[in-house]
1. Arrange L52, L23 by Cβ neighbour counts within 10 Å, fewest through most, would you?
2. What's the whole-number percent of alpha carbon pairs in region 2-92 lying beyond 15 angstrom?
3. Using a Gaussian network for the chain with springs between C-alpha atoms less than 10 Å apart, which of these wobbles most: V89, V40, V78?
4. Among E32, E84, E54, which one shows the biggest mean-square fluctuation in a GNM of the chain, springs joining Cα atoms closer than 10 Å?
5. Enumerate the lysines that K11 could reach by cross-link, defined here as Cα to Cα under 25 Å, with residues fewer than 8 away along the same chain left out.
6. What length, rounded to one decimal in nm, is gained on full extension from T73 through to Q31, with 0.36 nm per residue of separation minus their alpha-carbon distance?
7. Can you tell which of D80, D45, D61 shows the greatest fluctuation in a Gaussian network model of the chain with Cα springs below 10 Å?
8. Taking amide H atoms as placed 1.01 Å from N in the peptide plane, list the residues 5 or more away in sequence, or in a different chain, whose amide H sits under 5 Å from that of S88.
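Values in this text are rule-based calculations from the coordinates and carry no lab data. Note that the structure is predicted; figures quoted are calculated from it, not measured. Neighbour counts are summed over all protein chains in view; Cβ atoms, including those assigned to glycine, are modelled from backbone coordinates with ideal geometry.
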Amino acid sequence: MFIVHVHVHVKPESVEAFRQATLENARNSVQEPGVARFDVIQQLDDPTRFVLVEVYRTPEDPAKHKETAHYQTWRDTVADMMAEPRSSVKYANVFPDEPGWG
């Protein structure tokens, strides 16, 4: 598995619109064959901060995700809603099912 955490800081006046656009993107993303999981989480003590937890089956699947119409619509829709550029951190799973561990 290949995991990406996308950190997003949204303008306060855009929180609800961002949330709705992101939920629509997530609903479509989980239908992609390369997406194992796609979670949208919102910080409790600062609702302007979100993390998208994207779990892909292979390291190539994030690029395929970015080619989809729903991702491109999301990207363009939320661009002006962000208080700062989004950032991402990439991970490999260690447990469960990571060959070579244990």
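1. The order, fewest Cβ neighbours first, is L23, L52.
2. Values: 2326 of 4095 pairs.
Cα-Cα pairs of region 2-92 separated by over 15 Å account for 57 percent.
3. For the chain, modelled as a Gaussian network with Cα springs under 10 Å, the answer is V89.
4. E84
5. K66, K90
6. Numbers: separation 42, 0.36 × 42 = 15.12 nm, distance 1.59 nm.
This chain segment gains 13.5 nm when fully extended.
7. Judging by the Gaussian network model, the answer is D45.
8. Amide H neighbours of S88, under 5 Å, 5+ apart: H7.
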